[in-house]
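Presented below is the structure to which this report refers.
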Amino acid sequence: MNDIQLPPIDYAALLPMLIVFGLACVGILAEAFVPRKHRFAVQATLTLAALIAGLVTVIINRDLEVTTIGGAVTIDGAGLFLQGIILVLGIVAFGLIAERRLERGGAFVANAAHAADSDGDKKQLNEAGATEIFPLTLFAIAGMMLFCVSGDLLTMFVALEVFSLPLYLMCGLARRRRLLSQESALKYFLLGAFASAFFLYGVALIYGYAGSVQLVAIKQSVLDSDKSGVLLAAGLALLAIGLLFKAAAVPFHVWTPDVYQGAPTPITALMAACVKAAAFGGLLRVFNVAFETTSWDWRPVITAVAMATMIVGSILAVTQTDIKRLLAYSSIANAGYLLVGVVSLGGAVGSSMFYLVAYGFSVLAAFGMVTLVRDADGEATHLSRWAGLGKGSPLFSAMFTIIMLGFAGIPLTSGFSSKFALFSSAWDANQSALVIVGVLSSVVLAFPYLKVVVLLWLNPPGDETPTVSVPGYLTRAVVGVGVLATIVLGVAPSWLLDMVNSAGTFLAK
Amino acid sequence: MSLTPYVPLVVLFGLATVFAVFSVTIGPYIGPRRINKAKLEAYECGIEPTPTPPGGSRFPVKFYLTAMLFIIFDIEIVFLYPWAVAFDSLGMFGFVEMLLFIVTVFVAYTYVWRRGGLDWD
Amino acid sequence: MNPALTGVLADGGVTTGEAVTFWILAPIALAGAIGMVLLRNAVHSALSLVLTMLSLGVFYVLQAGPFIGMVQIIVYTGAIMMLFLFVIMLVGRNTRDSLIEVLRGQRVAAILLGIGFAMLLGTGLARGIGSIPAVGLAEANVNGNVEGIAKLLFTRYIFAFEVTSALLITAAVGAMILAHVEKKPGEKMDQKVLSRARFEKGNYPGPKAGPGVFATSDSVATPALLPDGTFTERSVSKVVPARELTIAEARPKAVNGSKEYGAIK
């Protein structure tokens, strides 16, 4: 009796993910068999090759619109674009992760099993960092790619875990300030596990309502059903908690500053750029495909969350004294702006994706430059230490100023064009209240950025002012690309706007 | 009710018995014999008197690694269970799928083994 | 699974066997849960939880869900609870949480919010499920529950299933990174080297006398007495700090009034 049939699988559509997953497994095997001194070169090459091959296949697939494996994976214009964003930002973040010239052995600890500050830990201070980082990064990126194209909530949950687990781990692998790093990993892991549990409970309740976890089927059952919507509403609420946690929206944001501060800076950059793109990719897909027709139910709640996120993020950013925490609160506020795109539904999908690209490049450059300001103890992240850097390192300060102006939304930067595109599409979707809160909060948010700029240029350098390290070519490339993108997307954004708008929206059938 | 489905079970049980008896009896005959002073010693457990604080002590973290590895392969079993039950109706593709899964999980096993995670010392 | 039986269960009927098993196991499950919260020893708590988990496993099987029942027993009771015990032993089973609140009022707020959330969810579920008739159980279990799961797992959710292996790899790599200190070449001692070291001159290869053997006290710090009446320092671990006894401690215990027992310094 051969009565179970495999649904047709479109391997070409899955190829980008298969490549990244497959080469991640090869990376683990390389960890097992390649001698220690060659590991770094092999892993770095392998990782870059996987990301580029993934990107090339995504570009080849660009016109594909297909639902495969019985609806478990939906490859559509928006999904492919999000996969492309994640891969491009991943390639840029790879530059920071693979950088080994700023510090002997790179930003990651050689053997994390040594207790912090123990004898073993002191001995390994100058050893080369763990190369497991590379396959773990690949797993995380592959998980994010799957998260953006999941056609049902179960696949989405597995993808969520696949990209979260390596991140929890990598957060705890900093070479310096290891206790802070381990604390951040533990916090992220515990809170992330809670959020996953909420997500799963939500999926169960929605299944109770719709009898299916497929996004399209949920939409259909909402249209057809005359059942009480209590299960649907409760399920959606719990599901949203899981998703908003990853997106760092208020009130599920409390982990963000601690984790961003404690994690190794290259991983912080990866989280700020790629995870943000993946989390919003998932949010946009869930709300646009499955719950578009129930928008009357959830819109007020998500609107309130978006407003709270924008306000809390921008106000708390003002009070920060550590550059990594400042960027963390700024990433919370930016999550608020992106939620405006989620609330505005269909018309704002393109501008949300544009925003993700613009923000991703800028934030990668920002964290890349944070890794350059160092003293004997590693990165000097306290803002007081940054005073007067403009005197000694004008080029660095000029580039950081451009990024800060971009974050502040000054015209001719990508921050302005992306906010403008997002808010205007929200305005068209009649979300005027959100747009007003958004504009006001970005005015507040401009203050801390400009404070940093003033600090760099107008304050006299003190005795304690650290040096700006001469960057290796990788960090140089990351910062260069980030700053360039910030300017190009500000001066001439139309080509990318055309691209996101022609990428189309989510396939809902 | 026919008892035929249980025949393989009985055969398996017989094989297990034969194997156990065989290994125990053959050991002394074909095993290598090397004289070593340590072998003449009386066996006692508890090699070093380790101080135990009142109320028990802490395990070394090595045990954690063992426990985690056990759980990973335990979870693999969870997937093997429905696969084995539905094996007949799954056909070839089910076999390939499970083979792929097991090979992928064995990537983890290879890594752990090559990096010395299975060595106790 | 007998389709007729499944049908009965789907309609909400309860067979006698099910009722009897339920009434036997439900108090046990509850007792385990209460024990987990109330018992002072962390190991006992974990073992009570095992009891609850096992009872729940049987309940699942009883409710025509053999797969979830088996998973409950294999994974939860077998593996996860074992990991619980390991972690308790790693941390030290006498380690207690500090009861000092770092954030004021956090405990009260957590309890209130927890109760509030449970009530919200409970009433919501009661209202929501009350109005929805359960359908589709019989169709889902038509070839048996486990086969039904296999049918979904290996067809529609095949990608999620295969990707789970990435999760398992990450877990293994994570455990290795966090808990395994890799030996450098040359640091590794094989059995030969260890055995040689054991029989080197000056090292006593035999098992050492346990502390407290023939001694006046069963403290781990009290050296054992050899047959000729001398102390053997080897019986005391070097890790135990040596200190002078106080006069009260050194005073001979009143055993048969003899004096020579008091010679311990």
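Read the figures in this text as sums done on the coordinates, not as results from a lab. The structure presented is a predicted model; accordingly, all values stated were derived computationally and were not measured. So basically every Cβ, Gly included, is an ideal-geometry build from the backbone, and we count neighbours across all protein chains shown.
At-a-glance table
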item: Relative contact order [Cα under 8 Å, 6+ residues apart], chain A, whole percent; result: 16
item: Exercise: per-residue mean of other protein chain Cβ atoms within 10 Å, A:222-232; result: 3
item: At least 27 Å along the helix axis (C-alpha) and Kyte average at least -0.5, DSSP helices within chain A; result: A:11-33, A:36-60, A:77-98, A:178-210, A:295-318, A:323-343, A:349-370, A:432-458
item: For A:ASP322, residues with placed amide H under 5 Å, excluding near neighbours; result: A:LEU383
item: Ranked A:HIS253, A:HIS38, criterion: other C-beta atoms within 10 Å, fewest first; result: A:HIS38, A:HIS253
item: Trypsin sites (Lys or Arg not before Pro) restricted to the range C:148-195 and DSSP loop, no more than 15 other C-beta within 10 Å; result: C:LYS183, C:LYS188
item: Ranked A:THR401, A:THR45, B:THR17, criterion: other C-beta atoms within 10 Å, fewest first; result: B:THR17, A:THR45, A:THR401
item: Under 10 Å, Cβ to Cβ, from A:LEU474 - net charge with Lys/Arg +1 and Asp/Glu -1; result: +2
item: Counted charge near C:THR170, where neighbours are those whose Cβ lies closer than 11 Å (Asp, Glu -1; Lys, Arg +1); result: -2
item: Relative contact order [Cα under 8 Å, 6+ residues apart], the range A:170-309, whole percent; result: 34
item: Ellipticity estimate at 222 nm from DSSP helix runs (n ≥ 4, -39,500 (n - 2.57)) divided over the protein assembly as shown, nearest 500; result: -21000 deg cm²/dmol
item: Counted charge near A:TYR359, where neighbours are those whose Cβ lies closer than 11 Å (Asp, Glu -1; Lys, Arg +1); result: +2
item: Value of relative contact order over the range A:1-55, rounded to a whole percent, pairs C-alpha under 8 Å and six or more apart; result: 48
item: A:LEU102 long-range amide H proximity, modeled H, under 5 Å; result: A:GLY472
item: Cβ-placed point charges (K, R +1; D, E -1), dipole of the protein assembly as shown about Cα centre in debye, nearest 20; result: 2580
item: Cα gyration tensor shape of the protein assembly as shown, rounded if a/c is under 1.5, else prolate or oblate by comparing a/b with b/c; result: oblate
item: Residue pairs, from the table A:LYS276/B:LYS62; A:LYS219/A:LYS246; A:LYS324/C:LYS183, whose Cα atoms sit over 32 Å apart; result: A:LYS276/B:LYS62; A:LYS324/C:LYS183
